[in-house]
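> This is the structure I want to talk about, given as structure tokens.
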Ligand code: DON
């Protein structure tokens, strides 16, 4: 299988389609990014890297970091987590407030913002220096010191963070929030503002394609069964109200971010990161989704 040839073909095909979307503007700093950038990096389980386009340019990983924070807390809480957050697809926008009320303060899943805030709150209960330890963890599983928290992006989101602040206080009113809201929000905005390039991001997802073992950290990051479960949650919830569409068109567990990135895994084969800032109305990258759809078509395999 010549992965380099395949991702180059995919890259050129997607570029020729002239797809259009809009960059995220509710975090003003993200609106400053050149929308035409597009990169793909694929990492196989031996650690070989294949890349095309802007695959070495760092970008804001935003919600993709929710997979890293979940991984950090999963084995520390295990089944206890499921008293606080569910694993059902939401069918609603990622920042929905209404849903949290009729679900009585238990977020539908841990990738929508309310659920991710519960995870970051849980992380703050277990780690003394949460922001630093999230960076350390991602550096470890990508095999190098690649993480940079872009302070401008963080502050930009913080100063327009009314919705996440509302969600956090709403969770607190349901007693589903243990730590001070402002402290947890600061950690949350910090991990969303992490910048990485496609290569390092794909490497940081490699353990999920490899039954929980990271060849870059050279250790078991999650048990095989926990790794399988993270993949299941990515497949059903990783793209919010577009999760069904992504499973149908692409057939891989993956996670998107409003910075335009998508990280995905093909279990027992490879991990991949695709980035292009222009988003569809659901907040997912138009080109990244198309690229992954063409990729699984060309490979003639998906999870199914
Ligand atoms: O909390 C937010 O709204 C952003 N920091 C992250 C949202 C996000 O990436 C949704 N993904 N598609």
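> Out of the residues in the stretch 43-68 that are more than 16 Å from the chain's Cα centre (by Cα) and closer than 16 Å to residue 276 by Cα, which is surrounded by the fewest Cβ atoms within 10 Å (Cβ to Cβ)?
56
> Please determine whether any residue of the stretch 291-298 is crowded, with 24+ Cβ neighbours inside 10 Å, over 19 Å from residue 4 (Cβ atoms) and in contact (Cβ under 8 Å) with a residue 60 or more places away in the chain.
So far as the stretch 291-298 goes, no, none of its residues is crowded, with 24+ Cβ neighbours inside 10 Å, over 19 Å from residue 4 (Cβ atoms) and in contact (Cβ under 8 Å) with a residue 60 or more places away in the chain.
> Oh, and also: With respect to residue 228, is the statement that it is away from the ligand (no atom under 16 Å from the Cβ) and out of contact with any helix residue (DSSP H, G or I) (no Cβ under 6 Å at 6 or more places or on another chain) true?
When the stated conditions are applied, residue 228 passes them.
> Next question. Restricting to the stretch 31-48, name every residue that is touching a helix residue (DSSP H, G or I) at 6+ places or on another chain (Cβ under 7 Å) and closer than 30 Å to residue 158 by Cβ.
Hits for the stretch 31-48 are 38, 39, 41.
> Quick check, is residue 216 part of a loop (DSSP other than H, G, I, E, B), over 21 Å from residue 254 (Cα atoms) and in contact with a helix residue (DSSP H, G or I) (Cβ under 6 Å, 6 or more places away or on another chain)?
It is false that residue 216 is part of a loop (DSSP other than H, G, I, E, B), over 21 Å from residue 254 (Cα atoms) and in contact with a helix residue (DSSP H, G or I) (Cβ under 6 Å, 6 or more places away or on another chain).
> Looking at the stretch 165-180, which of the residues that are within 14 Å of the ligand (Cβ to nearest atom) and surrounded by fewer than 22 Cβ atoms within 10 Å (Cβ to Cβ) is farthest from residue 133 (Cα to Cα)?
Ranking the qualifying residues of the stretch 165-180, first place goes to 166.
> Further question on the same structure: When residue 207 is evaluated against the numbered criteria (1) crowded, with 24+ Cβ neighbours inside 10 Å; (2) within 13 Å of the ligand (Cβ to nearest atom), which criterion, by number, is the only one it fails?
All conditions are met except number (2).
Every number in this text was worked out from the coordinates using simple rules, so none of it is lab data. Quick caveat: nothing in here was measured; it's all calculated off a predicted structure. We place every Cβ from the backbone using ideal geometry, glycine too, and count neighbours over all the protein chains shown.
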